[in-house]
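Data block below; observations after.
The values are calculated or read from the model by the stated rules, or taken from the named source; none is laboratory data. If you're wondering where the values come from, they're calculated on a predicted model, not measured in any experiment. For neighbour counting, all protein chains shown are included, and Cβ atoms are generated from backbone atoms with ideal geometry for every residue, glycine included. Surface areas here come from the heavy atoms of the whole protein model, side chains and all, with no ligands, DNA or RNA. Shrake-Rupley method; radii C 1.70, N 1.55, O 1.52, S 1.80 Å.
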Amino acid sequence: MQEREISQAVIRRLPRYHRYLGELLENGLERISSNDLSKAMKVTASQIRQDLNNFGGFGQQGYGYNVKYLHTEIGKILGLDKKHSMVIIGAGNLGQALANYQRFEKSGFVLKGLFDVNPKLQGLTVRGVEIRMMDELQNFVRQNQVEIAVLTLPKEKAIEAANRLVEYGVKAIWNFAHTDLTLPENIIVENVHLSESLMQLSYKITRYEKEHSKVE
């Protein structure tokens with residue numbers, strides 16, 4: 001039986017559901033209605049029910065959702081019940097900041113190595129993970145069965161590094177470089193452009209100021 005195609009909009013909301021449900025669990029909440037969940041997430045109750053129905057629904061009429069069960073099931077859908085090994089390419093400020101983020105491991109993303117071309121960084125450790133040079137990358141990726149590579153490199157170096165990583169067998173790339181990568185279709189790429197997020201914020205500030213200046 002062919003799997004149902006899930007829209008990108010639904011997929012983008014799943015991590016938010018998982019995060020909110022995790023916070024509810026930490027606060028000791030055992031169950032929640034779609035209406036209460038919608039108020040917390042600022043998504044309509046109807047949208048929540050539609051999203052979850054793509055995967056079986058999970059709710060009970062008159063009861064709502066079991067928070068722990070739904071959190072666990074969404075985690076399985078997102079693949080968080082498995083361990084994913086990853087490396088960071090680029091051990092500068094951003095690379096080291098990401099390496100220091102402990103919540104990755106709680107979600108199953110295990111940082112195996114940090115790589116850079118700067119010999120001054122060689123041998124230094126970030127949270128116990130050694131910074132290695134790029135000439136070690138090929139053997140390291142294959143020996144550690146690395147699935148995910150995080151790129152925090154300048155544009156030109158990122159393109160070269162991404163192509164090398166594909167050759168070495170990496171399945172997915174989390175790209176923070178200021179470029180969209182063009183890679184084979186079987187390679188999963190998630191582009192994160194921090195400047196674009198700031199531009200969106202700037203647009204919203206500008207629109208807000210214009211709207212309120214008219215009121216005044």
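A compact table of results
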{"read-out": "Of all DSSP beta bridges in the chain, antiparallel share, percent nearest 5", "value": "20"}
{"read-out": "Phi-based couplings in Hz for the stretch 125-137 (Karplus 6.51, -1.76, 1.60; Gly and Pro marked x)", "value": "10, 10, 6, x, 9, 6, 8, 10, 8, 5, 6, 8, 4"}
{"read-out": "Accessible area of the chain divided out per residue, in Å², using a probe of 1.4 angstrom", "value": "65"}
{"read-out": "Carbon plus sulfur fraction of accessible area for the stretch 88-216, probe 1.4 Å, in percent", "value": "50"}
{"read-out": "Computed [θ] at 222 nm, helices only, for the chain once each DSSP H run of length n ≥ 4 contributes -39500 (n - 2.57)", "value": "-14000 deg cm²/dmol"}
{"read-out": "Loop GluC sites (Glu not before Pro), the stretch 7-63 (other Cβ atoms within 10 Å of the site Cβ: 15 or fewer; DSSP)", "value": "30"}
{"read-out": "Angle between the chain longest axis and helix 8-26 axis [Cα atoms, degrees, rounded to 10]", "value": "80"}
{"read-out": "Portion, in percent, of the accessible area of the stretch 16-55 that falls on carbon or sulfur, probe 1.4 Å", "value": "43"}
{"read-out": "FRET efficiency, 1/(1 + (r/R0)^6) with R0 25 Å, evaluated for residue 44 and residue 183 via beta carbons", "value": "0.10"}
